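Before any comments, here is the structure.
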There are 2 protein chains.
Amino acid sequence: MATVLYMSVSLDGYISKEDDFLGGDDGNRLHEWYAPGGDPGALVGEAKDLAAELDRIGAVVTGRRTAELMDHWGGDVHNGVPIFIPSHRPPGPAARWGYPNVHYVQDGISRAMEEAVAAAGERDVYVQGGYTARKALETGVLDEIQVHLIPVLLGSGHRLFDSLPAEIELEVVKVIDTPHATHIRYRVRR
Amino acid sequence: MATVLYMSVSLDGYISKEDDFLGGDDGNRLHEWYAPGGDPGALVGEAKDLAAELDRIGAVVTGRRTAELMDHWGGDVHNGVPIFIPSHRPPGPAARWGYPNVHYVQDGISRAMEEAVAAAGERDVYVQGGYTARKALETGVLDEIQVHLIPVLLGSGHRLFDSLPAEIELEVVKVIDTPHATHIRYRVRR
């Protein structure tokens, strides 16, 4: 198992526009690769394997901002795996009483990741969100980074990577080259 | 011929640290791919072709900041091709009198690019620098983007891409996958 940051990002480093939509006329530009022309079956070759990888997810760690924007996915994402949200503030009512799969962890990213790893067992922990990514990198609890680098310059918005206190070396594990995205998987060197 | 932005960039989007060095213990992390272990002969396969592409350069358009940091390369870069520097301020003494290949263009990026294209003839114009890249993209005078995406997070520094007034669609032309860098060439859609 591994803890993997899994994000679609524009060449200029944005994960969404200021309004939290994902670019393009339909506000979904950055996620188009996953279903070209609206059809997940249009993925070919290794990119299809990449989508299938999502079945290996055993738990999700995501930022509160992303979770709340998505209404906690109605409490069910990736076939109902547990969702861990590091946040110093207590959860809102829906997350507290409505969604048994959603767990707010109030004592930091390390603790949230430990709980996610334990819940995932042999499977992977998927990490999402810019702020959460940076905290996970700073804290040294991230094993891999899977970026889906989209051939577009969004021009502005929310960045995946902002400042980090030190340089972090990565190792290229795998590159999948498609017209829709350049999918690059890195291992984080510790 | 084509006008090509040609830049090494960290996964987190930086082209240098705040002190203008390029990361790593020796301040050259982002350029290591070009000579792994200090040996340009260590490049293999398609990456070798990529380095050979530099022989196709017919002119360079670069930002004033980069040019001055590099002392205008002593007036001679890439086998003495002409160097065009868009800047509203007049050149300093060395550039004005010492370097016949260095041309300051005071009426904007479009004019600088026109002069570079004319000078390059059948060959490519290489564009360098973050600010210059953004101006060239905004003005619509850039044909291609060649990024050398280095497997490192620099954490802070000067960014290649910052804000642009509108989204710009790209097309993936070619990906070269090596352990040292993921080299991606894009065409700019207009």
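Taken together, the values in this text are just the output of simple stated rules run on the coordinates, not laboratory data. Treat the numbers as computed from the prediction; the structure is a model and nothing was measured. Cβ coordinates were reconstructed from backbone atoms using ideal geometry, including for glycine residues, and neighbour counts include every protein chain displayed.
Quick notes
- Here A:Glu122 and B:His88 are evaluated by their C-beta separation; at R0 = 45 Å the FRET efficiency comes out at 0.15.
- Nearest 10 degrees, 0 to 90: helix A:109-120 Cα axis against chain A principal axis: 80 degrees
- What the Cα atoms of the stretch B:66-136 give is an Rg and a Dmax of 11.4, 32 Å.
- Placing a label point 7 Å from the Cα of A:Asp20 along the Cα-to-Cβ line, the residues of the stretch A:68-89 whose backbone N sits under 18 Å from it are A:68-77, A:84-89.
- Converting phi to 3J(HN,Hα) with the Karplus coefficients 6.51, -1.76 and 1.60 and the offset θ = phi - 60°, the stretch B:95-101 yields 5, 6, 10, x, 10, x, 7 Hz in sequence order, with x at every glycine or proline.
- Straight-line cross-link reach from A:Lys17 at under 24 Å between alpha-carbon atoms covers these lysines, not counting any fewer than eight positions away in the same chain: A:Lys135, B:Lys135.
- Ignoring aspartates and glutamates fewer than eight residues from A:Lys174 along the same chain, the ones with Cα atoms less than 13 angstrom from its Cα are A:Glu46, A:Asp49, A:Glu144, B:Asp177.
- B:Ser156-A:Arg65 FRET efficiency (beta carbon distance; Förster radius 30 Å; 0.05 resolution): 0.85
- Column: log10 I(q)/I(0), Debye, Cα scatterers of the protein assembly as shown, q = 0.09, 0.11 Å⁻¹: -0.56, -0.80
- At 7 Å out from Cα toward Cβ: A:His78 inter-copy label distances (nm, ascending): 4.4
- Separation between Cα centres of the stretch B:112-155 and the stretch B:27-97, rounded to whole Å: 12 Å
- Applying D = kT/(6 pi eta Rh) to the stretch A:3-188, where Rh is the Kirkwood radius over alpha-carbon pairs, T corresponds to 37 °C and eta to 0.692 mPa s, the Stokes-Einstein value obtained is 193 µm²/s.
- Placing a pseudo-label 7 Å from each Cα along the Cα-to-Cβ vector at B:Ala166 and B:Ser110 gives an inter-label distance of 1.4 nm.
- The protein assembly as shown, helix-only ellipticity at 222 nm - DSSP H runs n ≥ 4, -39,500 (n - 2.57), divided by all residues, nearest 500: -5500 deg cm²/dmol
- A point 7 Å from Cα along Cα→Cβ stands in for B:Glu114, and the other copies hold the same point at 6.6 nm, listed in rising order.
- Chain A Cβ-axis minimum, rotational copy B, residue and distance in Å: A:Gly13, 2
- Within chain A, longest stretch clear of exposed GluC sites (Glu not before Pro) (DSSP loop, no more than 12 other Cβ within 10 Å): A:19-121
- Set of the stretch B:1-39 residues, backbone N closer than 16 Å to the point 7 Å along the Cα-Cβ line of B:Arg190: B:1-5
- Per-copy distances of the A:Gly98 label point, shortest first, in nm (7 angstrom along Cα→Cβ): 6.8
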